[in-house]
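Undergrad: Please see the structure below; I have some questions.
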Amino acid sequence: MKLSDMFSDPPVGKTSSLPKPEATGWTKRFIDDLAAKMAREVGYRSGEALEPIVTELGGRIVTGNVPETGSTGYVEVEEGGKFLIALSPIPGTYRNNFTIAHELGHYFLHSRLGEKPLFATRQAGHRAEWEANWFAAGFLMPAEEFVEEWEKAKGSIGHLINRYQLSGGAIEIRKKTLEELGHKFD
């Protein structure tokens, strides 16, 4: 049996006739603050599973095989606001947690909470992709909380990986981004 035979859901990396996301043009700081606010509003607590949030919003998550595109995932928002987040099984839980939040970024920012159908993959270097990354980081690791956690952990990346259930790369990029936004770390 091939690995791809084990998955009945749609393959990650498919194409769609739905429109691609359009960038909002909002600043990194505005998106960061908005993401933290949205996390609070939907009841997300850092380090917890994202699946219940996706379900509550009318979405579902599937894990499927990765065709030659190499995509780590996509989001497809249909007319009426239902949406699908598809993930690759290859990156693992910590990387997929960021991917889920990234796809939620497209849902919140570019689909306007399901008002606009769209299809987005994680392959492009377009502004909308940057915005979804900014959203994911702010949603998963709210700025003030992250600075406090960093200081409590004395900068231990391992501690923060466990705390946020994210990759070390995501933790390091978050610190750098927050420094760029004027946050101070000891």
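Undergrad: Considering only segment 163-186, state which residues are touching a residue at least 40 places away in the same chain (Cβ under 8 Å) and over 19 Å from residue 31 (Cα atoms).
TA: 163, 164, 165, 166, 167 - these are the residues of segment 163-186 that are touching a residue at least 40 places away in the same chain (Cβ under 8 Å) and over 19 Å from residue 31 (Cα atoms).
Conditions tested, residue by residue: (1) in contact with a His (Cβ under 7 Å, 6 or more places away or on another chain); (2) at pLDDT 95 or above; (3) of a type in the set (Asp, Glu).
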| residue | (1), (2), (3) |
| --- | --- |
| 105 | no, yes, no |
| 110 | no, yes, no |
| 117 | no, yes, no |
| 121 | no, no, no |
| 124 | no, no, no |
| 132 | yes, yes, no |
| 141 | no, yes, no |
| 163 | no, yes, no |
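Undergrad: Across segment 1-51, what is the total count of residues that are at pLDDT 95 or above, farther than 20 Å from residue 118 by Cβ and part of a loop (DSSP other than H, G, I, E, B)?
TA: The total comes to 8.
Undergrad: Could you grab the pairs with beta carbons closer than 6 Å, sequence gap of 6+ or different chains, first residue in segment 34-45 and closer than 12 Å to residue 143 by Cβ, second one not in a helix (DSSP H, G or I)?
TA: Sorted first by the residue in segment 34-45, then by its partner, the pairs are 36/142.
Undergrad: Only one of 109, 104 is more than 14 Å from residue 140 (Cα to Cα), of a type in the set (A, V, I, L, M), in contact (Cβ under 8 Å) with a residue 24 or more places away in the chain and assigned to a helix (DSSP H, G or I). Can you tell me which?
TA: Just a single option satisfies the conditions, and that option is 109.
Undergrad: Okay, next question. Could you list all residues from segment 76-97 that are assigned to a strand (DSSP E or B), within 21 Å of residue 165 (Cα to Cα) and either of a type in the set (Lys, Arg) or modelled with pLDDT of 90 or more (or both)?
TA: 85
Undergrad: Right, here's the next one. Does residue 116 satisfy the criteria of being touching a residue at least 12 places away in the same chain (Cβ under 8 Å), under 30 Å from residue 22 (Cβ atoms) and surrounded by fewer than 18 Cβ atoms within 10 Å (Cβ to Cβ)?
TA: The answer is yes for residue 116.
Undergrad: Please find, within segment 84-134, the residue that is nearest to residue 74 (Cα to Cα) out of those that are acidic (Asp, Glu) and in contact with a Pro (Cβ under 9 Å, 6 or more places away or on another chain). Break it down stepwise before answering.
TA: The initial filter retains those residues of segment 84-134 that are acidic (Asp, Glu), namely 103, 115, 129, 131.
Filter again for in contact with a Pro (Cβ under 9 Å, 6 or more places away or on another chain), leaving 129, 131.
Details: 129: 11, 131: 15 Å.
If we take residues in segment 84-134 being acidic (Asp, Glu) and in contact with a Pro (Cβ under 9 Å, 6 or more places away or on another chain), then 129 is nearest to residue 74 (Cα to Cα).
The values are calculated or read from the model by the stated rules, or taken from the named source; none is laboratory data. Since this is a predicted model, take the numbers as computed values, not measurements. In this analysis, Cβ positions are derived from the backbone assuming ideal geometry, glycine residues included, and neighbour counts consider all displayed protein chains.
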